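Below: the structure, in structure tokens.
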Amino acid sequence: IIRQKNPKKKTYYAAHVMTPLLSAPGEKMAAVQDAPMELDSEKETKPEILSDGTSNLSGNTASGTLSSPPLTAGGAPKQEDQQTLIAVLQFLRRNKLTESVDILRREACLEDQEDSQTLDGSGGGKGDGDGGDANSLLSRVSIASAAAPQSTLTPIPVKSEYDQPDVSVVLSAYSQQGDPSLYQVYYTGLKNFIESVLDCHRAELSQLFYPLFVHMYLELVYNNHETKAKAFFEKFSGDQECYYQDDLQILCGLTKKEHLKGNEALLDFRTSRFVLRISRDSYQLLKRHLQERHNNQIWNIIQEHLYIDIFDGMPRSKSQIDSMSGSFAGETRREVNKAKVFYGLLKEPEIEVPLDDEDDEAENEEGKPKKKKTKKDSMGSKSKKQDPNAPQQNRIPLPELKDSDKLDKIMYMKESTKRIRLGPENLPSICFYSFLNAYQGLTAVDFTDDSSLLAGGFADSTVRVWSATPKKLRKVKSAAELNLIDKESDDVLERIMDEKTASESKNLYGHSGPVYGVSFSPDRNYLLSSSEDGTVRLWSLQTFTCLVGYKGHNYPVWDTHFSPFGYYFVSGGHDRVARLWATDHYQPLRIFAGHLADVTCTRFHPNSNYVVTGSTDRTIRLWDVLNGNCVRFFTGHKGPIHSLAFSPNGKFLASGSTDGRVLLWDIGHGLMIGELKGHTDTIYALKFSRDGEILASGSMDNTVRLWDSMKAFDDMETDDFTAATGHIPLPDNSQELLLGMYHSKSTPVTHLHFTRRNLLLAAGAYNSQ
Amino acid sequence: MAEERRQKLCSVILPTESMKAIAESVGVGSLQEESCLALSEEVSYRIKEIAQDALKFMHHGKRRKLTTGDIDHALKLKNVEPLYGFQSQEFIPFRFASGGGRELHFYEEKEVDLSDIINTPLPRVPLDVSLKAHWLSIDGVQPAIPENPPPVPKEQQKTDSTEPLKAVKPGQEEEGSIQTKGQGASSAEVKGKEKMRMKPRSTHELSVEQQLYYKEITEACVGSCEAKRAEALQSIATDPGLYQMLPRFSTFISEGVRVNVVQNNLALLIYLMRMVKALMDNPTLYLEKYLHELIPAVVTCIVSKQLCLRPDVDNHWALRDFAARLMAQSCKTFSTTTNNIQSRITKTFTKALLDDKTQWTTRYGCIAGLAELGHDVIKTLIIPRLSVEGARIKAVMDGPVVSNIDKIGADHVQSLLLKHCACVVAKTRPLPDMVDQYKADYGYLGTMLCSHVVKARAQAAFQAQTVNRTTLTITQPRPTLSMSQSGLSASSGSRTPNIIKVPSSLTLMSTRPGTPTQPSPPATKYIVMATSAGAASTQQVRVLNEFVSLYLSRLPRHLYHFRACLTSDRR
């Protein structure tokens, strides 16, 4: 029976993240619930996941046995049944009726297929008894969690937003009995205990403070103990880490049960289990203490609302913990980042570079043959070597190259031969494009890859395109005029342009709210813009008119980004999901749901197989475009993430946030590998140089900073062992990595771009006061 | 501190009275206290929620200020109709009134005359967005161009000069914005490291480009081509990268003044003073360090006995006025409780003024210098002296003709006194203006002062009227100084750079081809010559000594070497 039910369960997981290619916008949520199984894609991903899952098995069981709380947050269709089941289980356990617990559990999982999820945590506990069967079950459980790491996280927030009935279910978790006046005593007791333990454990156990504090406070509020809640808050809010202050501010405004109902942020806090990573020793200590004191209240909260990820090894230090915590939902579970990510680059299509002799002579006096050779070599090396980490060429169907694209590729290669090699001794020149008279209205900027065009999105809902070269922008002639053109002539492409419309900039009108994101297509024919009005618009840069308005997000769309190969694009907004679109579909192809707050920032991986999103919940998620799974989940930022950048080789990710820090991530191992401190305000722009040696960051504090990314990446030893622990010691070497800092007079940096020759372009609006 | 803020936030709830007031305004009469409380809690919570959403819009708008638009958008998120037409020029548009035991707030709604609105000129059309590119960095080095901030910000120039041990490389003093509890130890370590850092040895070598620039600028400043000079002064006044060259400029000016006072070269003195002004206009320079050189030079130009070769013809008075204004400006900007520039300058001037033997030229300078320091100084130091000065002027005017020069001097002092005192008297002295009383109070100058005061009062009244009438367009003419004789004009006060164009035919030097001290200088070149320190001392005005002695101790060593550089500039 167990074997039987597994595939079904997998469909369920997949259904959450998969959206059928064609579904009307209105049905979207329904589609998320019961999408048809897409077996093909499932099968494709299975093998890797299986191997990964088994390798992870030991760690998983370990955590399972120790933290044996059943998952309250099911998110399954039969959630209410499950809730009651869990309640019964709890009751039994509280009354020490362990036998009945075991029996009921076994019964339940046999009867109720969906309930197997409950075993995610507790399955290990009964593993001994069930022998082989249980083992296979476990392996599948871990597979499931690896394949769909957001299984417990994803569906619920989405549902809580749309399905009202769920809210009461979620809130009912608070309706337990307990003497509210004792909360302070409990909390103080735990605090005293944690303060009295050895230093090495104290830092780890201190992580408990914040989630416990919040849950206890919410429980008091929910049970209408308003004054007690207030007193509790005032007494203990000062103990919390400073990076939780934003959350505490939201929390302190919330004093009534009614407030809870509309507050999505806190509902999310309830439904998603706060993840703590604690070493085995520290956990044992805590468990012993709570058992000795019979401190059920706290134990219940820990079991119901926290997920304690236990690892073997040295307890982590305070700074290690601080670097990873700060997100809305605690840290990452280690198994979440185990899935294989094909971070390598795709094979470059082979294009013959026509070596026109004039060009060579003009450029180089060393003689033609040599030149030709070097060019061929550089091309050959790229195309021959197939990166072992690269995805299959056709994993994601990509548009075919047009002739114009090939021409552009040739241009690119020519330019790249003239590229300056950057390094600590050889810093790039920076050209700063200031927007004058923008009256604080500039909200987004983008450059084309060849740096010939520049687009600005403004708060007055206009989008404006400038030519960054002396070449002026021209529209295509009207249809009537086009009819008159001789189609056979050689310069037909030149003739179709209307010379009368030539100007340095063009305005694009169409949005009805501030434009928060703009992105050029790689072929420079299209421009995307996302706006507060909930739409993403596609503009033609030939006619300078709007071609499509993509409606799907009902709330402001904070960011949009074209795939590096065109055709696809991703958008993310206030509705807490990111959507993948294709330009010729008016509905999204994928919905990436899982973030607990606004998706503020979206970027495509250089190989177009993955999408990364940053959110107000202070986490970063990497999504697989193929199956919509969340394959990486990064925590560590202390504020909303406003900028993301992949390194050109696709291996690393940099992220910048309102806390003024840049964090560096190793995608393959799923680890944080660096922290660049220095900025004093929100980082709105991040960009790697074309060869990846330099990371440039631009911020609200009016500075552009250059960091030695090569050194940051090289210093890190990320082998499989470190990856297994899920954390590595971070060196505090921001000052050494900082290569340059350039102040602008009064211009916050909103965008950075490296030209093909590695000249850095920065853009921002000049603030005149 | 953060904790305090948080707790305050926690307790912030709208007062129940406002709930009552709002309820009344929509026609709900007696609201119970409990409902008020419930309402206010709910409303406070919702307002906070909206504010938190509005912040998101601010962040995505890449702004630091929350706007009403953000709040509109946040309301839209909650499906609430935004507030239409809420705009106010003022921060708080409410007015408060009380009376008859009632207190209320109300909007002040003035009646507006339609014709006024129609006749008001349209506001200027806002400028269109435009793009401007500049180099923020070239191969890792930030060029010192006006688009970039000054390479060494003023604050750091200050710390460099006042606390050399604290000076660190820019960027290294900054620490991560996030200070978690556990990082206390590590940050203390960092601080320890900073303390260990030795004082950076400051080299004052100029690059070749800087040397060229310095040469060009100084030559243009004292050269004959007015257009070039204007450009050079503009450059001095706006360029952000002059920090390195400041000591050179400062010495150039002080040495130049020293030499040219001896040689009575009025034109050069004027040019040097204009350089001082340009330096002071440059917002990126930390001049405090070089006041010991600049102030004596300026004071010399105010009070020196003789500034030109023919005191009867040349308008050295204008130079004194200009320098006096510079002095007043530097008092305003640089005077602190530690250096006491203003009080020391005032003392120096007063001492010279009180001295009977002071010459008319110096006397004029002292009075001008004092008068520029403001009305209070005029009131306390000059007006009590009016009768004494009047008697002295009378002696020259009515007495036997001693020398023409004295007479001109007395005449200038008289008009200067009248000009400055009239407006002060007009403000302080109560009406009516009786000539006899004026005579009794102020002696010889009383009669003329009275007529001046009457004129000043009339003008003030007229101005007040015009100000009242056209509140929308107040165009106050910037006080400018024009010198009738030499044609030199200089603007005063403002820190904005402005170029003064002077017809070259009117400059003093070109009209006089030869002077005794300069055997046969071509009209285009002037001597800026450094002399040994003691040579000109007899010619120096005594007031210098005080400053020199004070600042000598702080004088950077490199300045001594600088004289060698200067002499090489000699032609």
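For this structure, a couple of remarks:
- B:Leu268 hydrophobic (A, V, I, L, M, F, W, C), part of a helix (DSSP H, G or I) and under 22 Å from the mean Cα position of the chain (by Cα): no
Here is a yes/no grid of residues against (1) within 31 Å of the chain's Cα centre (by Cα); (2) at negative phi; (3) within 14 Å of chain B (Cβ to nearest Cβ):
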position	(1), (2), (3)
A:Lys406	no, yes, no
A:Ile410	no, yes, no
A:Asn426	no, yes, yes
A:Tyr433	yes, yes, yes
A:Phe447	yes, yes, yes
A:Ser461	yes, no, yes
A:Lys471	no, yes, no
A:Asn483	no, yes, no
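- The single condition from (1) closer than 30 Å to B:Lys78 by Cβ; (2) open to solvent by less than 10 Å² (accessible area, probe 1.4 Å); (3) of a type in the set (Ser, Thr, Tyr) that A:Ser282 fails is (1).
- Looking only at region A:627-678, and only at residues there that are touching a residue at least 60 places away in the same chain (Cβ under 8 Å) and of a type in the set (Asp, Glu), the one that is farthest from the other protein chains (Cβ to nearest Cβ): A:Glu675
- Selection within region B:126-174: residues that are modelled with pLDDT of 75 or more, charged (D, E, K, R) and assigned to a loop (DSSP other than H, G, I, E, B). The member of this set that is least open to solvent (accessible area, probe 1.4 Å) is B:Glu147.
- Residues of region B:372-399 that turn out to be under 18 Å from B:Asp355 (Cα atoms) and out of contact with any Cys (no Cβ under 7 Å at 6 or more places or on another chain), as a count: 14
- Hey, A:Val548 part of a strand (DSSP E or B) and open to solvent by 20 Å² or more (accessible area, probe 1.4 Å) or not: yes
Rundown of residues vs (1) over 21 Å from A:Asp691 (Cα atoms); (2) in contact with a Lys or Arg (Cβ under 6 Å, 6 or more places away or on another chain); (3) modelled with pLDDT of 50 or more, yes/no style:
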{"site": "A:Pro354", "(1), (2), (3)": "yes, no, yes"}
{"site": "A:Asp357", "(1), (2), (3)": "yes, no, no"}
{"site": "A:Glu361", "(1), (2), (3)": "yes, no, no"}
{"site": "A:Asp377", "(1), (2), (3)": "no, no, no"}
{"site": "A:Pro397", "(1), (2), (3)": "yes, no, yes"}
{"site": "A:Leu407", "(1), (2), (3)": "yes, no, yes"}
{"site": "A:Met413", "(1), (2), (3)": "no, no, yes"}
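- Inclusion of B:Lys110 among residues that are out of contact with any strand residue (DSSP E or B) (no Cβ under 8 Å at 6 or more places or on another chain), more than 14 Å from every other protein chain (Cβ to nearest Cβ) and at pLDDT 75 or above is warranted.
- Residue list for region A:205-227, filter: within 11 Å of another protein chain (Cβ to nearest Cβ) and surrounded by 17 or more Cβ atoms within 10 Å (Cβ to Cβ): A:Ser206
- From the options B:Glu24, B:Glu42, B:Glu3, B:Glu17, residue that is at pLDDT 75 or above, assigned to a helix (DSSP H, G or I) and facing chain A (nearest Cβ under 9 Å): B:Glu42
- Pair list, Cβ < 9 Å and 6+ apart or interchain, from region B:48-76 residues that are more than 8 Å from chain A (Cβ to nearest Cβ) to residues that are of a type in the set (Lys, Arg) and part of a helix (DSSP H, G or I): B:Asp70/B:Lys56; B:Ala74/B:Lys56
- Every listed requirement among (1) part of a helix (DSSP H, G or I); (2) touching a helix residue (DSSP H, G or I) at 6+ places or on another chain (Cβ under 7 Å); (3) crowded, with 19+ Cβ neighbours inside 10 Å is met by B:Thr350 save one, (3).
- Note on region A:437-526: no enclosed strands (runs of 3 or more DSSP E) hold 2 or more residues that are touching a helix residue (DSSP H, G or I) at 6+ places or on another chain (Cβ under 7 Å).
- Enumeration of residues in region B:314-347 that are over 22 Å from B:Val261 (Cα atoms) and not in a helix (DSSP H, G or I): B:Ser335, B:Thr336, B:Thr337, B:Thr338, B:Asn339, B:Asn340
- Considering only residues in region A:615-655 that are among the polar types (S, T, N, Q) and not in a strand (DSSP E or B), the one that is most open to solvent (accessible area, probe 1.4 Å) turns out to be A:Asn649.
- Residue ranges of helices (runs of 4 or more DSSP H) in region A:228-305 with at least 3 members more than 11 Å from every other protein chain (Cβ to nearest Cβ), out of contact with any helix residue (DSSP H, G or I) (no Cβ under 6 Å at 6 or more places or on another chain) and free of Cβ contacts under 8 Å to residues at least 12 places away in the same chain: A:280-293
- Enumeration of residues in region B:127-149 that are facing another protein chain (nearest Cβ under 7 Å) and over 29 Å from the mean Cα position of the chain (by Cα): B:Asp128, B:Val129, B:Ser130, B:Leu131, B:Lys132, B:Ala133, B:Trp135, B:Ser137, B:Ile138, B:Asp139, B:Gly140
- Hey, A:Asn437 facing another protein chain (nearest Cβ under 7 Å) and of a type outside the set (A, V, I, L, M) or not: yes
- Taking region A:318-349 as the range and being of a type in the set (Gly, Ala, Ser), closer than 16 Å to A:Glu204 by Cβ and part of a loop (DSSP other than H, G, I, E, B) as the test, the residues that pass are A:Ser325, A:Gly326.
The values are calculated or read from the model by the stated rules, or taken from the named source; none is laboratory data. Computed from a predicted structure; not experimentally measured. Neighbour counts are summed over all protein chains in view; Cβ atoms, including those assigned to glycine, are modelled from backbone coordinates with ideal geometry. SASA here: full protein model, heavy atoms, side chains in, ligands and nucleic acids out. Shrake-Rupley method; radii C 1.70, N 1.55, O 1.52, S 1.80 Å.
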